[in-house]
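> I am attaching a structure below and will ask some questions about it afterwards.
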């Protein structure tokens, strides 16, 4: 069985919450309703995150490969304060790098004592993801790897990811990532190494096995556009 990978949804941010937490270019605050508990969930997809320890103005850089309207949310990796940030719809440039800003950490993140490394960003462009590059001083010039934050509702014995795309020489290329045990409902990061991958669409297939059970779990798949140069 093949499934499209489940993404964290916007159900937490209802209209009343949005009115109370309208911050101009985004909605941002604490929510009181936890999201669902799907079989496998993408929490965030990060190309770079510059650390911070005080009030700074963050920028989120991302590439838009198609005319599909991007959606951008941010939340905690480990849900402690129930932080939620949702970017308002706006016009983005197709086939180019775009930036969302300003995103001042003093409004909610710093005020609530949420550490930078417990914040993640999830950008969706149509049915695909887009890696987020978050910074406040200087953006990196290139990207060779990404961090994918996942969470399963089952105790896993192993996780097997197959990454496929095109090489720098435009030939098919495939890379495999294998992880060991993962606890149910505990987020875990996966590093996707795309060194020697050329620009273009990349697919990731995720297979999992259960602890102490022969049951076959659905195979999940998602895609994104890899563009190593950020300018």
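> Would you mention how many residues in the range 21-36 are in contact with a strand residue (DSSP E or B) (Cβ under 9 Å, 6 or more places away or on another chain), surrounded by fewer than 17 Cβ atoms within 10 Å (Cβ to Cβ) and at pLDDT below 95?
Total satisfying the criteria: 1.
> Only one of (1) farther than 17 Å from residue 190 by Cβ; (2) surrounded by 19 or more Cβ atoms within 10 Å (Cβ to Cβ); (3) over 15 Å from the mean Cα position of the chain (by Cα) fails for residue 140. Which number is that?
Result: residue 140 fails condition (2) only.
> Can you confirm whether residue 209 is over 24 Å from residue 85 (Cα atoms), over 16 Å from the mean Cα position of the chain (by Cα), outside any strand (DSSP E or B) and touching a residue at least 24 places away in the same chain (Cβ under 8 Å)?
When the stated conditions are applied, residue 209 does not pass them.
> Also, quick follow-up: Quick one: count up the residues across the range 187-206 that are assigned to a strand (DSSP E or B) and at negative phi.
Going through the range 187-206 one residue at a time, the tally reaches 13.
> Answer with yes or no whether residue 118 is closer than 18 Å to residue 25 by Cβ and buried (at least 16 other Cβ atoms within 10 Å of the Cβ).
No; evaluated as a whole, the condition is false for this residue.
> Next question, about the same structure. Which of the residues belonging to the range 1-17 are surrounded by fewer than 17 Cβ atoms within 10 Å (Cβ to Cβ), modelled with pLDDT of 60 or more and either part of a loop (DSSP other than H, G, I, E, B) or touching a strand residue (DSSP E or B) at 6+ places or on another chain (Cβ under 9 Å) (or both)?
14
> Counting only residues that are surrounded by 15 or more Cβ atoms within 10 Å (Cβ to Cβ) and part of a loop (DSSP other than H, G, I, E, B), how many does the range 167-186 have?
Residues meeting the conditions: 0.
> Here is a further query. Working only within the range 62-84, note down all residues that are under 13 Å from the mean Cα position of the chain (by Cα) and more than 10 Å from residue 123 (Cα to Cα).
75, 76, 77
> Being exposed (fewer than 14 other Cβ atoms within 10 Å of the Cβ) and farther than 27 Å from residue 118 by Cβ, is that true of even one residue in the range 144-166?
No, the range 144-166 has no match at all.
The values are calculated or read from the model by the stated rules, or taken from the named source; none is laboratory data. Since the structure is predicted, the reported quantities are computational estimates derived from the model, not experimental observations. Ideal geometry is used to build each Cβ from the backbone, glycine not excepted, and the neighbour counts take in all protein chains shown.
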